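Before any comments, here is the structure.
The values are calculated or read from the model by the stated rules, or taken from the named source; none is laboratory data. Computed from a predicted model, the values in this text were never measured in an experiment. Methodologically, a virtual Cβ is constructed for each residue, glycine included, from the backbone with ideal geometry; neighbour enumeration extends over all protein chains shown. What goes into the accessible areas is simple: the full protein's heavy atoms, side chains included, and nothing from ligands, DNA or RNA. Shrake-Rupley method; radii C 1.70, N 1.55, O 1.52, S 1.80 Å.
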2 protein chains.
Amino acid sequence: MSIIIKNIELNNSIKDIYIEDNKITEISNNISTEADHKIDGKDKAALPGLYNSHTHAAMTLFRGYADDIPLNEWLTQKIWPNEARLTEKEVYIGTKLACLEMIKSGTIFFNDMYWHLPGSFKAVKEMGIRAALSSVLIDNLDKDKAEEQKKEVREEFRAYANSSDRISLALGPHAIYTVSEDLLIWCKEFAEKNNLLIHLHLSETEKEVNDCIKNHGIRPVEYLNKIGFLGENVIAPHSVWLDNNEINILEKNKTTLVYNPVSNMKLAVGKAFRYEDIINKGINIALGTDGCASNNNLDMFEEMKAAALLQKFAYNNPSSAPAHNMLKLATENAAKAFRTGGGVIEEGKLADIILINLKKPELVPHHNLISNLVYSANSSCVDTTICNGKILMKDRVVEEEDNIIEEAQKLAKEFFSKKDKY
Amino acid sequence: MSIIIKNIELNNSIKDIYIEDNKITEISNNISTEADHKIDGKDKAALPGLYNSHTHAAMTLFRGYADDIPLNEWLTQKIWPNEARLTEKEVYIGTKLACLEMIKSGTIFFNDMYWHLPGSFKAVKEMGIRAALSSVLIDNLDKDKAEEQKKEVREEFRAYANSSDRISLALGPHAIYTVSEDLLIWCKEFAEKNNLLIHLHLSETEKEVNDCIKNHGIRPVEYLNKIGFLGENVIAPHSVWLDNNEINILEKNKTTLVYNPVSNMKLAVGKAFRYEDIINKGINIALGTDGCASNNNLDMFEEMKAAALLQKFAYNNPSSAPAHNMLKLATENAAKAFRTGGGVIEEGKLADIILINLKKPELVPHHNLISNLVYSANSSCVDTTICNGKILMKDRVVEEEDNIIEEAQKLAKEFFSKKDKY
């Protein structure tokens, strides 16, 4: 299939963009070649599709279910007991709803860690976007549980690895306080042998750091370094409570960190991600929403704005975290970490493009498109979403939208009516 | 004119709402009376229209013009020199663009302080929403300038007071560091004589507090109290740098404070509004976006979310600033401060109602509408905006939208091309 986008604003000039199969094949001033689909770019701008680098997508079903309560009560009484009741069906429908929300807000990739991976795999495959999917691995330091998890991972990879060009499987050891050293090292070895990414929650709370010092005598990053876990293939969301030595270790290991500003604020983790200290070391940083129970949406426009605002506020510097850098966290930095070959609009790159409607009042006047996108836009400014050379949304219409919403609404109602809601 | 809204979700039940002229006349289960306009409420919820309690509306024209730079450079090199060049025409068009953006994001009232009041008055009158408008009063402690300002205010009130039932004039002494004691006291007396509100920037930065202590030996609120300025008619945006004694004084004077979380973060004012300490004293709090140079939009949905997130983060408490309270800041608390007789949907109240489209993916599932609105919605979830009994937006369509956008785009281009942009 081919697509031509005529007269679109791209990096401050007007161009034509030609897409063949899943690649951008030509960007120039006047392309006359015919295509299967022709899009008029008038009053629109082209932007690389956005990457959400840390999610638990099926948690859309928990949106608005439990807010404004203390963290421990939230986890132990609201989230965990309900997660334990989830089946593949809820994960499938919840992830479809998540994909719909992402397509409508210009996101074409997400890095997910959740339960019942076959459900999310099926959802992403149907919805047409990209994902790195990992099952949550938790052994609670129990040897038998660890062996069980290894077996499940092996089976999962046999069944699903390489079965979609848009979906990669990754390893998802939850965090150092829920996963044994043995299982962490096994993940590392399995990942190296199979050239895989590893997705691990890192230093989200001060408690994690204090517990690690109590148990191992060293801080979390030092511990992971000591057991040989870190590396270029590790993607570490949160990474809030890092000291300077830990930042040096992460730099040496070329680990990618994921900044989650909205979730960090909502759950009151007590500290802001050390963006300037980390970026100044040349460490790769991406951006993510976290799950819908702690955000409560998957909107990367909101996340970019929150990312900039939190830095300026927390470190008392209005020049920190400028708009164009925040857009990079949500595009090319993530594409680099996830090795997709996308994240920028250039010839030869993946055809993952979103079109912005420049006639939305919040994007007027047009002094600086990037500032407008980060500080003023909302998701409804996205008019068209193209992923892997396919048009997933045109004029804000996504096929099957009504069905997905109806089904998700119905399933959530059934699921929560089985237990007392509060 | 009359409007009937059939089968709409209102406070967790399904009702009919009848509007006659500018009032809600009936809310009940099945109203059979015919009306000039009939709205189907299926899959929608009714909410009071939102109040933006601190803006400089015409600054929409500065949106994205100067971001991510130090505060002093931003003010002295980017904002002030350009504001000095504004005429009534720019203020008229900039305020029309602001009103359009507000209507499209469910805001039906704004409290504005800006230059060239006749321009903003004309814009609001045409666009159909409500506003409290005040001219910026700055004398820089110069006696002649103070007399000039008093004269201008008197003329302004003669020309515009009571000429619209949607627009009230207020007094806008800019701040204690730009307005002399004489002019502050004159404002207070003029306001009391004519039953007016006063809009004054208060303690936005630590510098304001330190300078006040240097010049007067006391803190800003103590100074305002000493000269008899404070009272129930004073609306004080920002109010970030307050100590406990100042909070007590504000409580005794029944002053309304306006929380501006996005602007405070973006400009890095160094401290978060003391929401819990202030609300626990029973002080009335409203919510505002500030101008588009420091936000960069007028979206009260974003502002409610930022308001909750900043409190949780800054004061390390995930239960602080819960969603239903944030909605109150943007509705009934503001309506009380501005004495409109609106802010809630009840019989006899103003017909200022917005309808939310519940089929947006970010509002699914429907566990808790208020949580969804504050933490997940964006402005495009507003389907219909009714103000003063008139439908200003239906199915997201606002009359004249394209013209306003075209005109604003053109004027901004002309205005900034007259000077070097950077």
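Taking region B:252-265 as the range and being open to solvent by 10 Å² or more (accessible area, probe 1.4 Å) and in contact with a Phe, Trp or Tyr (Cβ under 8 Å, 6 or more places away or on another chain) as the test, no residue passes.
Against the list (1) buried (at least 16 other Cβ atoms within 10 Å of the Cβ); (2) touching a residue at least 60 places away in the same chain (Cβ under 8 Å); (3) not hydroxyl-bearing (Ser, Thr, Tyr), the condition A:Ile249 fails is (2).
Selection of region A:57-69 for residues being touching a Ser or Thr at 6+ places or on another chain (Cβ under 7 Å), open to solvent by less than 10 Å² (accessible area, probe 1.4 Å) and facing another protein chain (nearest Cβ under 9 Å) yields A:Arg63, A:Gly64.
Could you list, in sequence order, all residues of region B:372-405 that are over 24 Å from B:Lys6 (Cα atoms) and open to solvent by 20 Å² or more (accessible area, probe 1.4 Å)? Please lay out each step first, then the result.
We begin by selecting, within region B:372-405, every residue over 24 Å from B:Lys6 (Cα atoms); these are B:374-376, B:378, B:400-405.
B:Glu400, B:Glu401, B:Asp402, B:Asn403 - these are the residues of region B:372-405 that are over 24 Å from B:Lys6 (Cα atoms) and open to solvent by 20 Å² or more (accessible area, probe 1.4 Å).
Residue-level analysis places A:Ala132 outside the set of residues that are assigned to a helix (DSSP H, G or I), at pLDDT 95 or above and open to solvent by less than 10 Å² (accessible area, probe 1.4 Å). For the residues B:Leu242, B:Leu224, B:Leu196, the requirement of being under 26 Å from B:Asn52 (Cβ atoms) and in a helix (DSSP H, G or I) singles out B:Leu224.
The set of residues in region A:100-121 that are over 22 Å from A:His174 (Cα atoms) and in contact with a Phe, Trp or Tyr (Cβ under 8 Å, 6 or more places away or on another chain) comprises A:Met102, A:Ser105, A:Gly106, A:Thr107, A:Ile108.
Applying the condition of being within 20 Å of A:Asn111 (Cβ to Cβ) and in contact with a Phe, Trp or Tyr (Cβ under 7 Å, 6 or more places away or on another chain) to region A:303-337 and asking which residue is surrounded by the fewest Cβ atoms within 10 Å (Cβ to Cβ) yields A:Ala335. Could you tell me which of the residues B:Glu332, B:Glu347, B:Glu362 is acidic (Asp, Glu) and out of contact with any strand residue (DSSP E or B) (no Cβ under 9 Å at 6 or more places or on another chain)? Just a single option satisfies the conditions, and that option is B:Glu362.
For region A:210-219, name all the residues that are open to solvent by less than 60 Å² (accessible area, probe 1.4 Å), farther than 24 Å from A:Ser135 by Cα and either assigned to a helix (DSSP H, G or I) or of a type in the set (Lys, Arg) (or both).
Those that are open to solvent by less than 60 Å² (accessible area, probe 1.4 Å), farther than 24 Å from A:Ser135 by Cα and either assigned to a helix (DSSP H, G or I) or of a type in the set (Lys, Arg) (or both): A:Asp211, A:Arg219.
Of the helices (runs of 4 or more DSSP H) entirely within region A:307-422, none holds at least 3 residues that are more than 8 Å from chain B (Cβ to nearest Cβ) and β-branched (Val, Ile, Thr). Taking region B:264-306 as the range and being assigned to a helix (DSSP H, G or I) and of a type in the set (Phe, Trp, Tyr) as the test, the residues that pass are B:Tyr275, B:Phe301. Filtering region A:220-245 to residues that are touching a Ser or Thr at 6+ places or on another chain (Cβ under 8 Å), open to solvent by less than 20 Å² (accessible area, probe 1.4 Å) and not hydroxyl-bearing (Ser, Thr, Tyr) leaves A:Pro220, A:Val221, A:Leu230, A:Gly231, A:Val234, A:Ile235, A:Ala236, A:Pro237, A:His238, A:Val240, A:Leu242. For region A:171-189, which residues satisfy the criterion of being open to solvent by less than 60 Å² (accessible area, probe 1.4 Å) and in contact (Cβ under 8 Å) with a residue 40 or more places away in the chain? Scanning region A:171-189 gives A:Gly172, A:His174, A:Ile176, A:Thr178, A:Val179, A:Ser180, A:Leu183, A:Leu184, A:Ile185, A:Trp186, A:Cys187, A:Lys188. Can you spot a residue in region A:29-44 that is open to solvent by 40 Å² or more (accessible area, probe 1.4 Å), at positive phi and not in a helix (DSSP H, G or I)? Yes, the conditions are met somewhere in region A:29-44. Taking region B:67-78 as the range and being over 15 Å from A:Pro365 (Cβ atoms) and in a helix (DSSP H, G or I) as the test, the residues that pass are B:Leu71, B:Asn72, B:Glu73, B:Trp74, B:Leu75, B:Thr76, B:Gln77.
Condition check ((1) modelled with pLDDT of 95 or more; (2) under 19 Å from the mean Cα position of the chain (by Cα); (3) more than 14 Å from chain B (Cβ to nearest Cβ)) across all residues:
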position: A:Ser263; (1), (2), (3): yes, yes, no
position: A:Leu267; (1), (2), (3): yes, yes, no
position: A:Lys271; (1), (2), (3): yes, no, no
position: A:Asn284; (1), (2), (3): yes, yes, yes
position: A:Gly288; (1), (2), (3): yes, yes, yes
position: A:Glu302; (1), (2), (3): yes, yes, no
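For region A:70-88, check the following and say yes or no: at least one residue is of a type in the set (Ser, Thr, Tyr) and open to solvent by 40 Å² or more (accessible area, probe 1.4 Å). Checked against the condition, which is being of a type in the set (Ser, Thr, Tyr) and open to solvent by 40 Å² or more (accessible area, probe 1.4 Å), region A:70-88 yields at least one hit. Restricting attention to region A:88-114 and to residues that are more than 12 Å from chain B (Cβ to nearest Cβ) and more than 16 Å from the chain's Cα centre (by Cα), the residue that is nearest to A:Ser164 (Cα to Cα) turns out to be A:Tyr92. Residues satisfying the criterion are absent from region A:152-170 (criterion: under 21 Å from A:Ser263 (Cβ atoms) and either open to solvent by 10 Å² or more (accessible area, probe 1.4 Å) or in a strand (DSSP E or B) (or both)). The single residue among A:Gly94, A:Gly64 that is assigned by TED's automatic domain parsing to the domain that holds A:Lys188, part of a loop (DSSP other than H, G, I, E, B) and of a type outside the set (S, T, N, Q) turns out to be A:Gly64. Each residue in region A:359-389 was checked for being within 29 Å of A:Gly348 (Cβ to Cβ) and charged (D, E, K, R), and 1 pass.
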